[in-house]
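Single-structure report; data block below.
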Amino acid sequence: MKDRINYGESMFHRLFGLKFFAATALIASFAIPVLAKESEEAEQQDAKKLFANSCSWCHGNFGMKAGKGGPKLAGITQDEEAIYNTLIKGQGAMPSFKNTLKPEQIRLLARYIKSLPNE
Ligand code: HEC
């Protein structure tokens, strides 16, 4: 008799545990894309700030237009890796950013430029 009660209780806990797990998984599956989207937007904001400080005096409208001397960057054919190297080395009239920006900032800018819509 005692055994049956214990068995019943453990079944209850097992079922409850499963439901709890399922509910948590369900909530997480909604929350993760939302969090990922927020961090993507935060990253975009950081990149724009960097761009405004280091790049916009030559490249116009956050890379969307040619600026004073620098070309439009949206729709660029260089891939992220090539842009990264361009910024490390400099190109033509554009200086190298090796000593003025951190590698992760250059990485962020390269990703940002590739994310610009080609209009
Ligand atoms: C002093 C002005 C100046 C500044 C500041 C500047 N650029 Fe440039 N950038 C240029 C010029 C000029 C070119 C074209 C160089 C060439 O090909 O002769 C260029 C080219 C580029 C290219 C390559 C474009 C292509 O299609 O070949 C990228 C990418 C780029 N700039 C990104 C940036 C980023 C990101 C920043 C900020 C960290 C920045 N630039 C800051 C002047 C500038």
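Nothing in this text is a laboratory measurement; each read-out follows from the coordinates by a stated rule. A quick note: this is a predicted structure, and the numbers were derived from the prediction, not measured. Note that we place each Cβ from the backbone using ideal geometry, even for glycine, and neighbour counts take in every protein chain shown.
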*Sequence-distant residues sharing a close amide H with residue 66 (under 5 Å, placed H)*: 60, 72
*By how many degrees, between 0 and 90 and to the nearest 10, does the Cα long axis of helix 103-115 differ from the longest principal axis of the chain?*
90
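Multiplying the sequence separation of residue 79 and residue 15 by 0.36 nm and subtracting their Cα-Cα distance, what value in nm do you get?
Numbers: separation 64, 0.36 × 64 = 23.04 nm, distance 5.12 nm.
Extra length available between residue 79 and residue 15 comes to 17.9 nm.
Rounded to the nearest 20 Debye, what is the dipole magnitude of the chain about its Cα centre when Lys and Arg each give +1 and Asp and Glu each give -1 at the C-beta? Each step should come with its number before you reach the end.
Details: 16 positive and 12 negative charges, 30 e Å.
Roughly 140 debye, rounded to the nearest 20.
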*Stretch residue 23-residue 65 to full length: gain in nm at 0.36 nm per residue minus the Cα-Cα span?*
10.3 nm
_Quick check on my link table: of 37/98; 37/72; 65/114; 68/102; 49/102; 68/98, which ones sit more than 20 Å apart, alpha carbon to alpha carbon?_
37/98; 37/72; 68/102; 68/98
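Return the calculated 222 nm mean residue ellipticity for the chain, to the nearest 500 deg cm²/dmol, obtained by summing -39500 (n - 2.57) across DSSP H runs with n ≥ 4 and dividing by the residue count.
Values: 3 runs with 76 residues, N = 119.
My calculation for the chain gives -22500 deg cm²/dmol from helical runs alone.
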